[in-house]
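Remarks on the structure that follows.
Each value in this text was obtained by applying a stated rule to the coordinates, not by laboratory testing. Remember, predicted model here, so these are calculated numbers, not experimental data. Cβ placement follows ideal geometry from the backbone for every residue including glycine, while neighbour counts extend to all protein chains displayed.
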Amino acid sequence: MANLQFDLVSPERRLASLEASEVRIPGADGDMTAMADHAPTITTLRPGVLSVIHSGGTDEYVVIGGFAEITATGVSVLAERALPKAEVTQETFDGLVQEAKDAYATAQETFKNEPGPVDDAAKLIADMVAVGGHIGLTANN
C-alpha cells in the first residue's frame, strides 16, 4: 500500500512529521479519510480527533480549528490548537470547554441581533463536548 507524508503543526510546535497510510480528518463539512493519490483538497477543521495510521500503529491528536491540505502525496494540517490525545487531561479538557463557553457568552453579548456568530459559538461547545466523549472525558463545568 502506498504511503503519504503527514505533517501536523500548531502555533506552539510541530506535533508530527511521518509517513502514513491513512489520515482521518475532522473536517468542518464532515469527517474525511485521506490516503495516497487523494484528490487535491483543502478543508477547514472542526474540533475533533485526528487519527494517523502508520506502520507503527495509530496516533491520535485533538485538534481545534485550522485547516488541512490534502494532495496525492501528503497531508499537511495547520491547526489553531493541537495536542496529542494522551496529553489531554481532565483539567485541560475542562479548560477547553470553558474557553468555548466564554466565547459563546461573548458572542451573545456582541451579536445580539445576528444569530450566525452565536450559533457558531454554540456549535463549538457541542463539538468540544463530543470530543470529550470520544476521548473518554466529560465536561465538569
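Helix-only mean residue ellipticity at 222 nm, the chain, DSSP H runs n ≥ 4 weighted -39,500 (n - 2.57), per residue, nearest 500. What is it? Write out the running numbers ahead of the final one.
On the way: 2 runs with 42 residues, N = 141.
Rounded to the nearest 500, the figure is -10500 deg cm²/dmol.
Mind checking which of ALA79, ALA39, ALA126 has the largest fluctuation in a GNM of the chain, springs on alpha carbons under 10 Å?
ALA39
What is the stretch 88-135's relative contact order, in percent, from Cα pairs under 8 angstrom and six or more apart in sequence?
43 percent
For the chain, with a Gaussian network of springs between Cα atoms less than 10 Å apart, report the residue from ILE42, ILE70, ILE25 with the top mean-square fluctuation.
Judging by the Gaussian network model, the answer is ILE42.
Only Cα pairs under 8 Å and at least 6 apart count here; give the relative contact order of the chain as a rounded whole percent.
Working: 287 pairs, mean separation 29.0, N = 141.
Result for the chain is 21 percent.
Angle, helix 115-135 long axis vs. longest principal axis of the chain, Cα atoms, 0 to 90°, nearest 10?
The angle comes out near 60 degrees.
Report the dimensions of the stretch 4-86 along its three principal axes from the alpha-carbon atoms, largest first, rounded to Å.
The Cα atoms of the stretch 4-86 stretch 28, 28, 18 Å along their principal axes.
Using a Gaussian network model of the chain with C-alpha springs under 10 Å, which one of SER21, SER76, SER55 is most mobile by mean-square fluctuation?
SER55
Shape verdict for the stretch 88-135, please, from the Cα gyration tensor: rounded (a/c under 1.5), prolate (a/b greater than b/c) or oblate. Numbers along the way, then the final one.
Numbers: a/c = 5.61, a/b = 2.13, b/c = 2.63.
Oblate, because a/c is 1.5 or more while a/b does not exceed b/c.
Taking the Cβ-Cβ separation of ALA86 and SER17 as r and a Förster radius of 25 Å, what is the calculated FRET efficiency to the nearest 0.05?
Numbers: r = 18 Å, r/R0 = 0.72.
Once rounded, the FRET efficiency stands at 0.90.
Remind me, relative contact order of the stretch 4-86 in percent, using alpha carbon pairs under 8 angstrom and six or more residues apart?
Details: 226 pairs, mean separation 26.8, N = 83.
Reported relative contact order: 32 percent.
With everything on Cα atoms, drop me the angle between helix 90-110 and the longest principal axis of the chain, reported from 0 to 90° to the nearest 10.
50 degrees
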